[in-house]
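Scroll down for the structure; my scribbles are underneath it.
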Amino acid sequence: MSGKLLVFGTVAYDCIETPSAKADFILGGSASYAALAASFFSPVKIVGIVGNDFKENDLNRLKARRIDVSGLTFDKDRPTFFWRGKYHENMNSRDTIDVRFNAFDGYVPKLDEDSKSCEYALLGNISPAHQKAVFDSMSNLKFSVLDTMDLYIRTSNAELREMAKKVDLLIMNDSEASLFTGDPNIINSGYSILENGIKSLIIKKGEHGALLFHKDGFFQIGSYPLRSVYDPTGAGDSFAGAFAGYIAKTGDASFENMKLAMLAATATASITLESFSCDKLENAGFDEIQRRMKFMRKISEIPEK
């Protein structure tokens, strides 16, 4: 039976512009994407805060995926976390136009007993201080994942390094790994991070897949081949959520099972790329995730002679 996964992070409203389209005030945030992705694999409880502008319809979108929203705090005085971004032509780079913490500013997460007892945790992309508050409150953890970004590598480096050594898996992208270590070589960066007390590490490489560094070995997976990308927002969060959800579902955090979790994460994240917000991820369903997983295994096979 699946263990319950606690997902902590931001539940937000995004305004996004890509070279081909734009959308205003759509559901976003690290916890939203991660929880929705994880919900295809395991029971999920989301912890975070939303503001007085949070729409009931968006809350119902989470509930429709059987996500436990009882861990959400509702701020009646301030709006929800907000981010506005613009992507460039190649979609690999973006500009943050505006970010407002709003209800998240000064928020101190307080976990109820059910949240504290969750066996699995994904500490989504938010400050290490917030992540630590949640992690330290949990008493029954079997496996924990920490996601981060360049902002916190620059502004909260010591706190981030402390947190990274506590969890079972650290996730970052290739530019963040180089920033974290000061080494432009991603392979060197991965092994350097592992050698400095981190238990295991995934480095995401966007359209070029992801790398797993683990005490029991090294693994590389390609990306799902997409002919077009609609919106990259939330793909990394979806990857982390699906990965953590798969581990929670199977109850197996071995190196070999992490490979399968990366397959599930890659297939799930690829769906997020095909729409604004979580729309395609919600509508595609588990059958489509499985189809993509099967296809990726097929195109990765190398016959022996």
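The values are calculated or read from the model by the stated rules, or taken from the named source; none is laboratory data. A quick note: this is a predicted structure, and the numbers were derived from the prediction, not measured. Positions of Cβ are generated from backbone atoms using ideal geometry, with glycine treated the same way; all protein chains shown enter the neighbour counts. The accessibility values were calculated without ligands, DNA or RNA, using every heavy atom of the protein model including side chains. Shrake-Rupley method; radii C 1.70, N 1.55, O 1.52, S 1.80 Å.
Here are some notes:
- Only protein heavy atoms count here; on that basis, with a 1.4 Å probe, residue 89 has an accessible area of about 150 Å².
- Legend: calculated FRET efficiency, residue 158 to residue 63, from the Cβ-Cβ distance at R0 = 45 Å, rounded to 0.05, equals 0.70.
- Antiparallel DSSP beta bridges within the chain, as percent of all bridges there, nearest 5: 40
- For the residue pairs 116/199; 86/165; 4/259; 45/132; 199/249, the C-alpha atoms sit more than 24 angstrom apart in 86/165.
- Most mobile of 125, 188, 57 in a GNM of the chain (Cα contacts under 10 Å): 57
- At R0 = 30 Å, FRET efficiency that the Cβ-Cβ distance of residue 255 and residue 89 yields, to 0.05: 0.20
- Region 1-118 - Debye-derived log10 I(q)/I(0), Cα point model, q = 0.14, 0.18, 0.24 Å⁻¹: -0.62, -0.94, -1.34
- FRET E, pair residue 188, residue 208, Förster distance 25 Å, beta-carbon r, rounded to 0.05: 0.90
- Cross-link partners for residue 22 among the aspartates and glutamates, with Cα-Cα distance under 13 Å and sequence neighbours closer than 8 places in the same chain left out: 14, 231.
- Under 13 Å from the Cα of residue 63 - aspartates and glutamates, other chains or at least 8 residues apart: 282
- Taking every full run of DSSP H in the chain, the ones that stretch at least 18 Å from end to end by Cα along their long axis and average 0.0 or higher on the Kyte-Doolittle scale are 235-250, 255-272.
- Histogrammed with a bin width of 10 Å, the alpha carbon distances of region 1-45 distribute as 27, 39, 23, 10, 1 percent, first bin at zero.
- When the square roots of the Cα gyration tensor eigenvalues are ordered a ≥ b ≥ c, the ratio a/c for region 77-233 is 1.5 or more and a/b does not exceed b/c, which makes its shape oblate.
- Think of a 1.4 Å ball rolled over the protein heavy atoms: the chain then has 45 Å² of accessible area per residue.
- Averaging the Cα positions of each part gives two centres, and for region 279-305 and region 228-248 these lie 14 Å apart.
- Note: relative contact order over the chain, using C-alpha pairs below 8 Å and six or more positions apart, is 19 percent.
- Centroid-to-centroid, using Cα positions, region 106-173 and region 39-88 are 18 Å apart.
- Accessible surface of the chain, 1.4 Å probe, proportion on carbon and sulfur as whole %: 48
- Pair residue 77, residue 274: separation of 7 Å Cα→Cβ label points (nm): 4.5
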